[in-house]
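The values are calculated or read from the model by the stated rules, or taken from the named source; none is laboratory data. Because the structure is a prediction, the values reported are computed rather than measured. Cβ coordinates were reconstructed from backbone atoms using ideal geometry, including for glycine residues, and neighbour counts include every protein chain displayed.
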Amino acid sequence: MKALQYRTVGSAPEVVTVPDPEPGPGQVLLKVTAAGVCHSDIAVMSWPAESFPYELPLTLGHEGVGTVAALGAGVSGLEEGDSVAVYGPWGCGTCANCAQGKENYCLRADELGIRPPGLGAPGSMAEYLLVDDPRHLVPIDGLDPVATVPLTDAGLTPYHAIKRSLPKLVPGSTAVVIGTGGLGHVAIQLLRAMTAAARVIALDVTEDKLALARTVGAHEAVLSNAEAAAKVRELTGGRGAQAVFDFVGVQPTVETAGAVAAIEGDVTLVGIGGGTLPVGFGATNFEVSVTAPYWGSRGELIEVLDLARAGAVSVHTETFSLDEAPKAYQLLHDGKINGRAVILPNG
Ligand SMILES: [Zn+2]
Ligand SMILES: [Zn+2]
């Protein structure tokens, strides 16, 4: 089968032919319908060889939707042809966190060498994807595969982050979303759907992205630059934002995030741009809490798909064939994708 692989540190990913995978006992083989192109893959491909954590070559793609092509021995509850979304942050399934569905925080994944598809294990940018366990699949039940595939990360990750701050996003409060790309433009919609009357202020670096932010529900859209923090303060009558979500995570955006947080506000650093925010008396407003979460739980993915089914979230997508996947990554790298790029490996 064809697969998009990152083969050499520092080189662009390539479409190559690899052996067709076959499901072993307990595994499920999917024919991939759609695979999402995520900015974190670009970060991964920028890491140096000395500290690169995964074996190469690596088939990319940690967002996947497919149809069940074959079931390994002992698998029940699924039928060939079922359309399913992949829950990506695989864990062991049995530790205390996995027992709560929080496989993103599995206590044993490192020890057991369990890696998510596309981030260690072979990913979804291939004609077929091997899934280690049927519990990592959620039926999409009538949802469109292309529109749904980004929800497995670009939906689930902001959903998890927002859920934590919901008690602070009361009517009259403000949420700031920094970076309105793949995750951020979904976050804006989730904030509108999950809060009663919180105001959403979006920050990004181009007018195109700010236009998309307004289209998907941002009340205000502000250019992300050295004046952005002052502008947000002005828009909030000097109070700042009760919740700030940074989907970029580079040093300047992290500093903006810290600077716009209200007293007792939450700052959530989601983007893996490597920026850090010092915490200490006087470094931020009083009692600001800063966190850097990772992905979300199995239960939360089911909730996100239910929100999509209710019409509360729709992802702006641009589709590419598998052969065009390297180009999609280049466009994303250059800031030229509005919303989410989706690869159709069998399209
Ligand atoms: Zn991602
Ligand atoms: Zn576990």
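Okay, here's what the table says:
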quantity	calculated
Criterion violated by E287 - all others in (1) touching a helix residue (DSSP H, G or I) at 6+ places or on another chain (Cβ under 8 Å); (2) surrounded by fewer than 21 Cβ atoms within 10 Å (Cβ to Cβ); (3) of a type in the set (D, E) satisfied	(1)
Check on A85, within 16 Å of ligand 2 (Cβ to nearest atom) and among the hydrophobic types (A, V, I, L, M, F, W, C)	no
Those residues of the range 60-73 which are buried (at least 22 other Cβ atoms within 10 Å of the Cβ) and either on the phi < 0 side of the Ramachandran plot or not in a loop (DSSP other than H, G, I, E, B) (or both), in sequence order	L60, H62, E63, G64, V65, G66, V68
Every residue from the range 53-85 that is within 16 Å of ligand 1 (Cβ to nearest atom) and either without any contact (Cβ under 8 Å) to a residue 24 or more places away in the chain or of a type in the set (D, E) (or both)	E63
Positions within the range 74-121 being exposed (fewer than 12 other Cβ atoms within 10 Å of the Cβ), at positive phi and either assigned to a strand (DSSP E or B) or out of contact with any Pro (no Cβ under 9 Å at 6 or more places or on another chain) (or both), in sequence order	G81, G113
Residue match in the range 202-214 (condition: touching a residue at least 12 places away in the same chain (Cβ under 8 Å), surrounded by 22 or more Cβ atoms within 10 Å (Cβ to Cβ) and over 20 Å from the mean Cα position of the chain (by Cα))	no
Options V37, V44; residue that is within 21 Å of the chain's Cα centre (by Cα), aliphatic (A, V, I, L, M) and at pLDDT below 95	V44
Matching option when the condition is hydroxyl-bearing (S, T, Y), part of a loop (DSSP other than H, G, I, E, B) and more than 15 Å from the chain's Cα centre (by Cα), among T284, T253	T284
Within the range 318-347, considering residues that are small (G, A, S) and outside any helix (DSSP H, G or I), the one surrounded by the most Cβ atoms within 10 Å (Cβ to Cβ)	A341
